[in-house]
Structures are given as C-alpha cells and as structure tokens.
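Structure first, commentary second.
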Amino acid sequence: MTQKRLVCDTCGKETKQLRRDVVDEGYNALNKPPLWNCEQCYAQKRAKRQEPPSR
Ligand SMILES: [Zn+2]
C-alpha cells in the first residue's frame, strides 16, 4: 500500500489531512485546478473570504 503524501498547495507543508479550497461559486471552476490546503491555510482562507454581504 502506497501512502500518498499530502502537501498543502498554499504553504507546501506536509499534512495529515487536506481540505479542498472551495472556489467561488459562479466562477468558472473548470478552468481552475482545485487547491488543497492544510487545516491552517484552509482556516485562514476561510477567514479571508468572509466578505460583507453586498447589499
Ligand atoms: Zn498550508
């Protein structure tokens, strides 16, 4: 059994678990390869993504 090494696409760190970065909905996600993030980067991106509702 080969164990795949999981490397964060953002910081390049090896991690036990990767989370897929959710690309903006409505965006052409087909053109963008999915980004894999470690827990830290994922949380950071999520916090960054917190935009005020445009109203
Ligand atoms: Zn990372």
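Read-outs: derived from the displayed coordinates by stated rules, not from any lab. Just so we're clear, the structure is a prediction, and the values are computed from it rather than from any experiment. Methodologically, a virtual Cβ is constructed for each residue, glycine included, from the backbone with ideal geometry; neighbour enumeration extends over all protein chains shown.
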A chain fully extended from Arg5 to Arg20 at 0.36 nm per residue, minus the present Cα-Cα distance, gains in nm 3.9 nm
Ordering 5-16, 33-44 by per-residue average of other C-beta atoms within 10 angstrom, highest first, gives 33-44, 5-16
In whole Hz, the Karplus estimates of ³J(HN,Hα) for segment 36-41 (6.51, -1.76, 1.60; θ = phi - 60°; x where Gly or Pro) are 10, 10, 6, 4, 5, 5
With label points set 7 Å from each Cα along the Cα-to-Cβ direction at Arg49 and Lys32, the distance between them in nm comes to 0.9 nm
Counting sequence-distant residues (5 or more places) and residues on other chains, those with an amide H built under 5 Å from that of Arg19 are Asn37, Cys38
